[in-house]
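The values are calculated or read from the model by the stated rules, or taken from the named source; none is laboratory data. The structure displayed is predicted, hence computed values, not measured ones. Here Cβ is always computed from backbone atoms with ideal geometry, including for glycine, and neighbour counts include all displayed protein chains. For the accessible areas, the whole protein counts, side chains as well, though only heavy atoms, and no ligand, DNA or RNA atoms are used. Shrake-Rupley method; radii C 1.70, N 1.55, O 1.52, S 1.80 Å.
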Amino acid sequence: MASRCWRWWGWSAWPRTRPPPAGSTPSFRHHLSTQEKTLQICVVGSGPAGFYTAQHLLKQHPQAHVDIYEKQPVPFGLVRFGVAPDHPEVKNVINTFTQTAHSGRCAFWGNVEVGRDVTVPELREAYHAVVLSYGAEDHRALEIPGEELPGVCSARAFVGWYNGLPENRELEPDLSGDTAVILGQGNVALDVARILLTPPEHLERTDITKAALGVLRQSRVKTVWLVGRRGPLQVAFTIKELREMIQLPGARPILDPADFLGLQDKIKEVPRPRKRLTELLLRTATEKPGPEEAARRASASRAWGLRFFRSPQQVLPSPDGRRAAGVRLAVTRLEVSLMFPKDTSFPGLCHPSTPAWCCPHSPQQGVGEATRAVPTGDMEDLPCGLVLSSVGYKSRPVDPSVPFDSKLGVIPNVEGRVMDVPGLYCSGWVKRGPTGVIATTMTDSFLTGQMLLQDLKAGLLPSGPRPGYAAIQALLSSRGVRPVSFSDWEKLDAEEVARGQGTGKPREKLVDPQEMLRLLGH
């Protein structure tokens, strides 16, 4: 089927090239010569990695045409489904992505799941190159007893629920208890804690979903603990998010000064961002607040706290065994490694010329990812009604033909080139793991795009014309798949904005894919 439908691609792909002068009849020879110059690229995933990769390729190669495939009917990935609703400024990057999608050499095709509706080998045969940028769609399991109990869910699913990710729209988290425990101390953990504790009247002007806002209005959660297996010098959140939590209306911080003993001397040599973050933690934990701040904290009805040096061992069941009632934590201590001699650098964390003994990220300094938490033998139980695991996102394999490292959760690659598969590339979290912010992903995606163009220049990509979307469209049609175009998305966008106007929200997100397709007449 595929080979037959690709033989007539030249004519069917005509509308995708520069149109002929008005009143003229397109000649097949003219179209073929134009198409031969076109670099047909496929990008899988329409989040920041996908759009930034497309943007770079379109800018750097004037004959490049990029098709972006997305399994959701709507674009933008984690910008839409991951960024907190009370952080609308972060979503402004959507304006840039929209400009890219409006390019005459770019097309968005939503409602197409690669690996199910179309395979990667089929894409590779239709395009000169394929870039996998589909992100991290799963979460890392805790792998402890009781994790399966009702009342336990991933922070990723909780974020997807309040942000309108279709697969999480029926989550129904139980917020009837007074205490929630979040296992993890990164920005996602702080986002979740902030949403749980923010007064609903502060959220009702955001794009949080109607269903989530209704549940949060009924929430009885008063205290949120964020648990980390290491100490204040190893927290993964950033100062902006921490400052928001400290100043959160109606909530007060709970920090144990004992966790910060001796920290003042340790932070003198750490990098400036880490130093400023730790100093803010230190001041909040140990300094007496001014009269105004003291009054604010005294009147707060809710609280949040950081529990350091604790590692989850078990989710404790309620007496009837039907749901989560707490978490058993192992008390830990930091183990400082002395495995690096003075004349070697600690790879990947500081400048190569920095020796391990003075690198602030080195395990010899007790700072950074290489510092291990080891159990002391002591245990403690932390009662709660809700457990949210925020220990990291994880990518999934998309197609049997694509190499995948299940332990690291990434596609094995060298600077974005998928190992042992010429013409196949990756960018974003599926390339490097779920780390960094949108700006990090931009740089990473530009690098992948540059590697692809270098390979093109070196003659490592297929020569001659490729059919691109024309071939894939025929395959999808034969399989009953109706792709959603960017103009289709803009109709859904307008519908969301219209629905939000009645309640003073920027938009009311559509969360049911079937409703989206019905609105489009699919």
Could you work out the longest stretch of the chain that avoids the GluC sites (Glu not before Pro) located in DSSP loops with at most 14 other Cβ atoms within 10 Å?
1-142
Give the residue from VAL83, VAL66, SER103 lying farthest towards the positive end of the charge dipole for segment 34-147; charges sit on Cβ (+1 for Lys and Arg, -1 for Asp and Glu) and the dipole is referred to the Cα centre.
SER103
How high is the relative contact order of the chain, in percent, with contacts defined as C-alpha pairs under 8 Å that are six or more residues apart?
23
Cα centroid distance between segment 280-339 and segment 161-223, in Å?
19
Per residue, what accessible area does the chain have, given a 1.4 Å probe and all protein chains present, in Å²?
46
Those trypsin sites (Lys or Arg not before Pro) in segment 95-198 that DSSP places in a loop and that have at most 16 other beta carbons within 10 Å:
ARG116
Let's test the formula: R0 of 56 Å, r as the Cβ-Cβ distance of ALA498 and VAL331. What FRET efficiency results, to the nearest 0.05?
0.55
Loop-only trypsin sites (Lys or Arg not before Pro) in segment 382-427, please: DSSP not H, G, I, E or B, and at most 15 other Cβ atoms within 10 Å.
LYS407
Determine, from the Cβ-Cβ distance of THR286 and ARG220 and an R0 of 35 Å, the FRET efficiency 1/(1 + (r/R0)^6), rounded to the nearest 0.05.
0.65
Vicinal HN-Hα couplings computed from phi for segment 105-115 (Karplus, 6.51 cos²θ - 1.76 cosθ + 1.60; Hz; Gly/Pro x):
10, 9, 9, 9, 10, x, 6, 10, 9, 5, x
Efficiency of FRET between SER406 and ALA295 - r from beta-carbon atoms, R0 56 angstrom, step 0.05:
0.60
For the chain, what is the calculated [θ] at 222 nm in deg cm²/dmol (nearest 500), taking -39500 (n - 2.57) for each run of four or more DSSP H residues and dividing by its residue count?
-9500 deg cm²/dmol
